[in-house]
Amino acid sequence: MLSEAALPRALEMFCAAESSDDDRAEGLNVILVQLHRGVGGTLNELIAGGLRPYLTHEDGYVRMRGTKLLAQVIQRLPDLKLDAKMVRALVRFLVDRYASDFDSSGPCLSTLRALLEMHESNFPSDEMLGEMVRAILTAHHVPSLSQSLRHNVYQILQNLVDKKRFAAALRAQFEGSRVVNAFTEAMEGEKDPRCLLVSLRVVAALLRDDALLFASPQSELEAVQRAFDVTCVYFPIVFRPPANDPFNIKAEDLWAALHAVFTCHFGMAEHVISMLMDKLNLTAPDAAAAKVDSLKTLQVCLVAYGVANVSEFLPSLRRVLVRLVVEADEASIADEAVATTRCITAAVSKLEDIRLASLPGAGEGASAKTNDDGPTPWALFVVPTVEEAVTSVGQVVDSMRGRASGKLLACIAQSSALGLRLVAENALPVLRKWCVRPDASETQRAASFDLILQIVRGIDRDVAYQEEHRPMQADKIEMILALEMDELKRMRSVMDQDEGTGPSEGASAAASRRIAVKTLCELIMRPPSPLLSQDQVATVLDAWADLIIEAGEKDEEDVGETCLKAFVETGSHRSGCAEHICSRVLSALEQAGRVDALASLCAIPQVFEAALPRLLRSQDRPIEETFGVVSGIVEANKSYKEGMTQCCLPLDGDALVPMILSYLEQGQVLVPAGIKILGTVSRSVDADVQAQLASHMISKFVLADDASRNLESTMPAILAVLGGVRAEVARDLDTAVVPVLEAAAVQRKDLDAKTARAASECLASLLNKFDDARDGIVTEVSQRLFQGAQAGSVQHLAALTPVTKALVMRAHPLAASLSDGVLEILSTVPETSTESLTLAAQHFGVIIAPDAHVLNKASFAVERLFFQQRFFAKYFPLVRDRVTAAAPDSPRYHFYLLAAVQLIEHVPRAVMLQDATLSFLTRALQDPGLDVKTSALASISVLIEDNVQTAEPLLSTIIPLLLDLSVYKPGLLARNRALAIDTLMAFTELPYNKIHTFRAEVSKSLSKALDDPKRAVRKRAVACRNRWLILQNI
């Protein structure tokens, strides 16, 4: 319990010159606690009483400590308010102290800042505020102060200019140029990023929105120039923050602050634009970054200034931008110059729109390029840019200059409706000449069609233009349509020619056709008010269908793919296009045998509904092929709920799912694609439809009188449907299905292992989703399976594993006892029962391994968070202890080891890196069993990939073992051999002195892998062997 006497002692401990750092920290804590609890008086009383002797002490160091304590108290106890009289007295005291006592300047600034931020309402805004500003800017040479003091100076000024009351006081008490000059002198030469960020924001605030009053306009412009002279030296910003910067200062923040200065006052325009023009005219080879930054800054500034106010700069800007695009050394400069041209054109277009609307006869005849004040910004910038670019395109369209000029035309066309109209009127006739010239090369044709495409993309997709206000007139649309259709028709003659042209010419020809398809797609898609009539659209769609058919015959799949994408885009957004595709295009593609194209078009919902019945009724291909195509279509459209429902219902109709089920009823075996279709549709429909389908499957194929005879053919379909039902559906299913599945899994000898495994997985999925009301069924089934496994039944043990996994996933109370029992089986089953021992060992890995069939989120399995981590944490130590206790030459040792490495292999990576030890896995790698070796290898590769240095102590053991696994032998899969070689490659990252002794051994052993039957393994062996051979002592 603190007493009132503790406060004086604490004040002395903090302020005394002979106190240690620990004493001062203790004293400060006592003072803060006392004030917070209200012991010893209020904050006002402390300042006027106990603290006052230290604030006025004759020893300068004690005065400094007292002032620092004042700052600490105000900063750390913001809820303890000071009255207005005390705040005023403190401000007066601190200002005088700051001016007269340099040693106390830091605490004085900190206290003033704390008062301003914590006690703003009581802070004076009269002439005392002016005295404070003058003192902190002029009493000391600010640039020579320490970083923390400068930051406090700038922060105090920012707090003042950001608050309306204080900003108004500054405006009333100071002539503007005096404040600007004083502050710019204070910040001149600033290099610290934190200080610079605040000071730039202050400069921008001082010159924005009449924040200050100036004696004359000339004085204001001089102050603006002074601010520019001080801040322009920071352009461009090249700050790169250090890693883990505690202050979180970003280059983007500094750029924003500098841009705010450049745009805070219109008087900045002439200085900033002149500086940027100088930067853009630099010729140094390393000036690319500065040019890009200048162009980005130019975009920001022109938007802020308004192009009408800087029209005298537009001609020179235009020349510079054109040169940067046409003659750019780097693509980044050209791209940014194009973006700047787009920005200026968009702004100029708005002005031109307003001007044209104000002219007599606005609309058709309003096209004057001058007004009473001289040439308009439109005439100064956009018109000459378009004219110059069109001239370059007309000379050689595919030259570097022609392509660059095309970029300018495209950006102007896409920046505004006026820009599009101007470009269309001037450029399209020139491009038409290139398209119809008989001597034009394929690259020239491709360049021409590409520019037409970019111009068409200037039409806004979202604006429904009235006829008289269309940005592109009807004659231009007709011209483009005719050119593009002629290009598509030209395909036949080009494709039928002999192969006398080079590959580049052929590629260019295909490119122009692809571009033509894209352009026609754009004409259909833009804008909401159609540009093409329905007949024209139908003609285009039929031409695309012909292209797809002929492209397949002539091996022009790139053109065909472009047409398919165009079909999907237009059909998905234009109902008329979808109807035409369904009525005419589908039949044409089907007759041509382009089933793959039909599958792609099914991405259109309307086509999906029309194409599936057509495919299913077709007799032209084997049912296996049809199901393969339909499976891909269904998978691509599984998010289309209505379509999936139509595939399923009615169950007694002729939809997709009933048709598949009819094959099962006829006793036919479904191909894997048919099973996949059932599973995808079942998991994609809503719960009501899923319940109908599941009930139908149970009644027809599980509980029917003759159902048991056909389980081998029907069980995969039963698993696909019942294994993927939602939990709410599973809870309402007929429980009679459970004993049938259980019997199929463990009792019936007439069923093969694959069917039994599918039955056990289906059973596990249902048990995973049953609610508490059916917990008795879960318990009975689990206990029967465990008792059978305990009695030595391999079938029961195989079925018990997925059921246990299902219960572990949902954290069922029985799960732990089942796995405990399997561990006991692993320890007690006779060593001659290798099949049971193998299943028991694999049990632990299966529990935590990802399931690709039904026990996963895609199949709506109930899964608790971190069930894998909890299972691993419990059972890995138990299994590891048994490995340690077993004799290495005993058969049971192998199975303990298999269980352990299976646990490590399948546990989430983060847990593996924490708990698995490389030495244990290396021990497993020495086991003669391939199943243990390959499982350990998978975990070792992960550990070494994460940190190869952990293998250093074990290199002499692990490298020979990996070399043995890199060589082909029966039973060793190619992926395991490749993984062993990849791990050996990772060792080359270790220091030379650690691995050079193994170089000869690795080289010799890997030479055997050079003859591996699999090319992927041979390729890895070559790369790894070369890496080891060129090891150097660096």
Check your understanding: Yes or no: ARG757 under 18 Å from VAL725 (Cβ atoms), assigned to a helix (DSSP H, G or I) and either at pLDDT 95 or above or assigned by TED's automatic domain parsing to the domain that holds GLU742 (or both)?
Key -> no
Review point. Restricting attention to region 187-212, and to residues there that are more than 40 Å from the chain's Cα centre (by Cα) and of a type in the set (Asp, Glu), which single residue is nearest to ASP229 (Cα to Cα)?
Key: GLU188
Point to revise | Matching option when the condition is free of Cβ contacts under 8 Å to residues at least 60 places away in the same chain, surrounded by 21 or more Cβ atoms within 10 Å (Cβ to Cβ) and acidic (Asp, Glu), among GLU220, GLU270, GLU190, GLU185 | key: GLU190
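Tell me, yes or no, whether region 284-292 has at least one residue that is of a type outside the set (Val, Ile, Thr), within 21 Å of LEU380 (Cα to Cα) and either in contact with a Ser or Thr (Cβ under 8 Å, 6 or more places away or on another chain) or not in a helix (DSSP H, G or I) (or both).
Checked region 284-292: no residue is of a type outside the set (Val, Ile, Thr), within 21 Å of LEU380 (Cα to Cα) and either in contact with a Ser or Thr (Cβ under 8 Å, 6 or more places away or on another chain) or not in a helix (DSSP H, G or I) (or both).
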Check your understanding: Within region 491-502, can one find any residue that is at pLDDT 80 or above, part of a helix (DSSP H, G or I) and closer than 21 Å to ILE452 by Cα?
Key -> no
Check your understanding: In region 847-863, is there at least one residue being acidic (Asp, Glu) and more than 26 Å from LEU722 (Cβ to Cβ)?
Key -> no
Practice item. State which residue pairs qualify: first residue on the phi > 0 side of the Ramachandran plot and inside region 658-672, second residue surrounded by 12 or more Cβ atoms within 10 Å (Cβ to Cβ) and of a type outside the set (Asp, Glu) in any location, beta carbons under 7 Å apart, and separation of 6 or more residues or different chains. Key: GLY667/ASN710; GLY667/SER713
Review point. Looking at SER121, is it assigned to a helix (DSSP H, G or I) and out of contact with any Ser or Thr (no Cβ under 6 Å at 6 or more places or on another chain)?
Key: yes
Exercise for review: Tell me, yes or no, whether region 128-142 has at least one residue that is farther than 21 Å from GLY66 by Cα, of a type in the set (S, T, N, Q) and modelled with pLDDT of 90 or more.
Suggested key: yes
Exercise for review: Go through region 990-1034 and give me each residue that's polar (S, T, N, Q) and part of a helix (DSSP H, G or I).
Suggested key: ASN993, THR997, SER1003, SER1005, SER1007, ASN1026
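Determine which member of the set LEU380, LEU451 is in a helix (DSSP H, G or I) and in contact (Cβ under 8 Å) with a residue 60 or more places away in the chain.
Of the residues listed, the single one that is in a helix (DSSP H, G or I) and in contact (Cβ under 8 Å) with a residue 60 or more places away in the chain is LEU380.
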Practice item. Output yes when any residue across region 768-790 is surrounded by fewer than 19 Cβ atoms within 10 Å (Cβ to Cβ), touching a Leu at 6+ places or on another chain (Cβ under 9 Å) and hydroxyl-bearing (Ser, Thr, Tyr), and no when none is. Key: yes
Review point. Are there any pairs, at least 6 apart or on different chains, whose C-beta atoms fall under 8 Å, with the first in region 339-352 and over 15 Å from LEU422 (Cα atoms) and touching a residue at least 40 places away in the same chain (Cβ under 8 Å) and the second of a type in the set (Phe, Trp, Tyr) and crowded, with 19+ Cβ neighbours inside 10 Å, and if so, which?
Key: ILE344/PHE381; LEU351/TRP378
Revision key, fill the gap. Scanning region 387-424 for residues that are over 38 Å from the mean Cα position of the chain (by Cα) and surrounded by fewer than 24 Cβ atoms within 10 Å (Cβ to Cβ) gives GLU387, GLU388, VAL390, THR391, SER392, GLY394, GLN395, VAL396
**Study point:** Criterion (under 25 Å from LEU356 (Cβ atoms) and modelled with pLDDT of 70 or more) met by exactly one of ARG461, ARG514
**Key:** ARG461
Practice item. Kindly indicate whether ILE633 is modelled with pLDDT of 85 or more, outside the structural domain of SER859 (by TED's automatic domain parsing) and either in a loop (DSSP other than H, G, I, E, B) or out of contact with any Cys (no Cβ under 6 Å at 6 or more places or on another chain) (or both). Key: no
**Study point:** Which listed residue is of a type in the set (A, V, I, L, M, F, W, C) and at pLDDT below 90, from ILE249, ILE237
**Key:** ILE249
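A quick yes/no check of all residues on (1) in a loop (DSSP other than H, G, I, E, B); (2) within 16 Å of GLY929 (Cβ to Cβ):
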residue	(1), (2)
PRO830	yes, no
GLN842	no, yes
ASP851	yes, no
PHE871	no, no
ASP881	no, no
ALA887	yes, yes
TYR893	no, yes
**Study point:** Criterion (touching a Ser or Thr at 6+ places or on another chain (Cβ under 8 Å) and at pLDDT 90 or above) met by exactly one of ALA347, ALA389
**Key:** ALA389
Review point. Can ALA169 be described as surrounded by 20 or more Cβ atoms within 10 Å (Cβ to Cβ) and either among the acidic types (Asp, Glu) or under 30 Å from SER121 (Cα atoms) (or both)?
Key: yes
Practice item. For region 714-734, enumerate the residues that are in a helix (DSSP H, G or I) and surrounded by fewer than 17 Cβ atoms within 10 Å (Cβ to Cβ). Key: ALA727, GLU728
Review point. For region 746-766, which residues satisfy the criterion of being within 45 Å of the chain's Cα centre (by Cα) and either closer than 21 Å to SER793 by Cα or without any contact (Cβ under 8 Å) to a residue 24 or more places away in the chain (or both)?
Key: ALA753, LYS754, THR755, ALA756, ARG757, ALA758, ALA759, SER760, GLU761, CYS762, LEU763, ALA764
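Just to be sure before I move on: is ASP475 part of a helix (DSSP H, G or I), free of Cβ contacts under 8 Å to residues at least 12 places away in the same chain and of a type outside the set (Ser, Thr, Tyr) in the structure I sent?
So ASP475 passes the test.
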Exercise for review: Go through the residues of region 99-111 one by one and say whether even a single one is more than 27 Å from ARG178 (Cα to Cα) and of a type outside the set (Lys, Arg).
Suggested key: yes
Review point. How about region 271-280: which of its residues are more than 37 Å from the chain's Cα centre (by Cα) and within 18 Å of ASP329 (Cα to Cα)?
Key: ASP278
Exercise for review: Residues that are at pLDDT 85 or above and surrounded by 14 or more Cβ atoms within 10 Å (Cβ to Cβ): find the helices (runs of 4 or more DSSP H) completely inside region 1-64 holding 2 or more of those.
Suggested key: 6-15, 21-37, 52-55
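Matching residues to (1) aliphatic (A, V, I, L, M); (2) within 26 Å of ASP851 (Cα to Cα); (3) buried (at least 16 other Cβ atoms within 10 Å of the Cβ):
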| residue | (1), (2), (3) |
| --- | --- |
| ASP889 | no, no, no |
| TYR896 | no, yes, yes |
| ALA899 | yes, yes, yes |
| GLU905 | no, yes, yes |
| PRO908 | no, yes, no |
| ASP931 | no, yes, yes |
| ALA936 | yes, yes, yes |
Exercise for review: Return yes or no: is ASP654 among the charged types (D, E, K, R) and within 22 Å of LEU547 (Cα to Cα)?
Suggested key: no
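The values are calculated or read from the model by the stated rules, or taken from the named source; none is laboratory data. All of these numbers come straight from a predicted model, not from anything done at the bench. Every residue, glycine as well, gets a Cβ built from its backbone with ideal geometry; the counts of neighbours run over all protein chains shown.
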